[in-house]
Amino acid sequence: MQTDLMKYYTPEEQKAMDRAFKELVSSAYQPLSRKEKALIKKAYEVAKEAHKNQRRKSGEPYIFHPIAVARIVGAEIGLGPTSIASALLHDTVEDTDITIDFLRREFGEKIAQIVDGLTKIKKLPKDSDLSIQAENFRKLLLTINEDVRVILIKIADRLHNMQTMDSMPKYKQERIASETLYIYAPLAHRLGLYNIKTQLEDLSLKYTDPEAYEEIVTKLEKSAKDRQQYIEKFKKIVEGRLREEGLDVAIEGRPKSIYSIYKKMKKKGVSFEEVYDIFAIRIIYKSPDIKQEKKLAWTIFSIITDLFKYNPNRVRNWLDQPRSTGYQALHVTVLGPENKWVEVQIRSERMHEIAEKGYAAHYKYKQGKDEVQEMGVDRWLNQLRDILNNPQTDTMEFLDDIRLDLYSEEIHVLTPKGDVVSLPKGATVLDFAFYIHTDVGLHTRAAEVNNRIVPLNYVLNSGDVVHIMTSPTQKPKFQWLNITKTGRARSKIKAFLRQEENEIVEEGKAVLQRKLRHLKLKYNDDTIQKLQKFFKLPTSRDLFYKVGTGEITNENLKAFVDSQRLFSGLFKTRWGRKAKPQPIEGEAVNYDLIVFGKDEQRFDYSLANCCTPLPGDEIFGFITINEGIKVHKKTCPNAIHLQSRFAHRIIPAKWIDSSQQEFKVRLKVRGADRPGIVSDISRLITLELKYDMRDIEFHDLNGVFEGEVAVYLKNTSQLKELMLKLKEIEGVEKVEKL
């Protein structure tokens, strides 16, 4: 076998892959016996032989990919020999002549089952009309019913793919990064894989917003020395006091992730320099046993808050009620040296290991230790299985419901008996009812919170005591979907409603046929599509349902008929037909400014109202069902959602000529008021830059001015220049595009 492989791998490559394999084995989180090492070695030899004809886009032998994935599985996630061997073999069945039967004979049922689960995720029927990504995500989550290790290996596979994407085309990088942000990073978060979640988010940002990524990386590198000096100063003050109390601690500082800094900058509209908690300080302490952990944590908290002033609103106690990811710690934000606010995280070595390794470390500590509470992720997995077992859940709805639970912050509420229930922040009493039991949720008529009757949409807070009152005659309503936060509650409500809905839909269909006949309109697909568009409904089922419930009345249908007569001479824009769209405010009139695809073809399109792209912006096209191509900015708030769920309907797009077209832009300007500031702004726009200013309005608010300016511009470069020069005017503090 070795002689044959020399035809495919150079001696240097053989040495490199053997070295990578040894590092994989030596870095395993769990101790490996001689027998387990032999199993992993065998999997490596089989994978090396199977992939001998394959190379990655970078040119290196393909075997380096499964070795890297297995290393992440063993070292970073902390799984055992079965998972490491499965990771080495994870692409063999899909990409080579290896079969599941061969793996079953050579490696046993469990490894064959895991590899089979990983292979099924990637296989879809050719005629599937669902988003490939959406169905893949569903298949990924369905493997939980078989073995959660499939998901963990798939997350490791995605991480290594993200780490090695530089050789891919840009459009593929953006699609894969969007998928990663949409589902893989939230999954890693929910499974307690903090380090992997952080890497996935940071790498996704690198490809979805490279300018912002590079800016934050550069500024973090520049501030690294100052940050380390600050950490040393903090340690010097704290370390001695802690050791005086006989505490064995390690103090370290770590910058917040690039993506979390990016989110704060976006959410608060501030610069990098204005994000005050760029890094956190961790105090990791040794505890003689698990029973002493909480006492020692509060002792450290007491010492820290004696030394520094702290913000009582920024204390987070995850000691008594760990997060559902298993995370335990005590957080406090203090005013440290140089009067800088800094977050301090207090963890035992056990807590730290679970925070870093997540799922696997939890089970290491859970074995034989009754003191360790059941990890919240177990409860989440059980709830997820419950949702997955609901056959009526649509793929897209399923993903939306699941994502509700992935990233949510948590609250802890109590049953009347004192049992603690963890729910996502924003959950209502109705979510609580479905958490207790499906039948309780379906028949909820009212609730008491802290002995006071509240409505079903009452939002719960940590510490609330909740009592649900039921009635056998009560049943779910559609409005309940608007007041529930958890995927479990929403999936159960939808399943119940669909049973009743089918009858209403069939009735509505028959009623619509009769009414259209009376209005002298044909009942056919074209009419149904026009009705959907007129009433802004996504599917014909929605149309029939609203007719069946009476929400669409005779008057509504007559209005539709009148609209058809009014516009009978106009063509409606649809994908595949040339037509002249009617311009709306904010859209370009010259519709040849944007070209699509590799061949730079020209199609009819319209600009998305959610992000209103300007010439010069980086853009993409999205093929809608009824409205042709909508053009979005790559930084659009909906970009990740669209690219991850509907990648097959995304087409590359770019501006080819923006010299003749102007766009109306409104800017909000704020700052310290002074005489003449409005005339200075007007002079800059009309005389210096010679732009067409159409509207200007300012107000004085006790020495602070705020106002809006409307200007016609040709492209993004002009917009950036104008905003930059406005900020240079004395007194102007903030300029933003509305």
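FYI, it's all coordinate maths here, none of it is from the lab. Source: prediction; values computed, not measured. Please note: Cβ atoms are built from the backbone with ideal geometry, for glycine as well, and neighbour counts cover all protein chains shown.
Here are a few things to note about the model shown:
- Fraction of alpha-carbon pairs over 20 Å apart in the range 2-208 - percent: 58
- Based on the reciprocal of the average 1/r between different C-alpha atoms, the Kirkwood radius for the range 663-737 equals 12.2 Å.
- Checking every one of the GluC sites (Glu not before Pro) in the range 489-558 against DSSP loop status and a limit of 14 other Cβ atoms within 10 Å picks out Glu551.
- Anisotropy class of the range 48-111 from Cα gyration tensor, a/c 1.5 cut: oblate
- Net charge of neighbours whose Cβ lies under 13 Å from the Cβ of Val466, counting Lys and Arg as +1 and Asp and Glu as -1: -2
- Restricting the GluC sites (Glu not before Pro) of the range 670-731 to loop positions (DSSP other than H, G, I, E, B) with no more than 15 neighbouring Cβ atoms within 10 Å leaves Glu730.
- Under 10 Å, Cβ to Cβ, from Thr325 - net charge with Lys/Arg +1 and Asp/Glu -1: +2
- Whole-number percent relative contact order across the range 420-562, with pairs defined as alpha carbons under 8 Å at least 6 apart: 20
- Most tightly packed first, judged by the mean number of other beta-carbon atoms within 10 Å of their residues, the peptides 470-476, 24-30, 195-201 read 195-201, 24-30, 470-476.
- Near Ala250: Cβ cut-off under 12 Å, other residues only, Lys/Arg at +1 and Asp/Glu at -1. The net charge is +1.
- ³J(HN,Hα), Karplus 6.51/-1.76/1.60, whole Hz, each residue of the range 217-222, x for Gly, Pro: 4, 4, 6, 5, 5, 5
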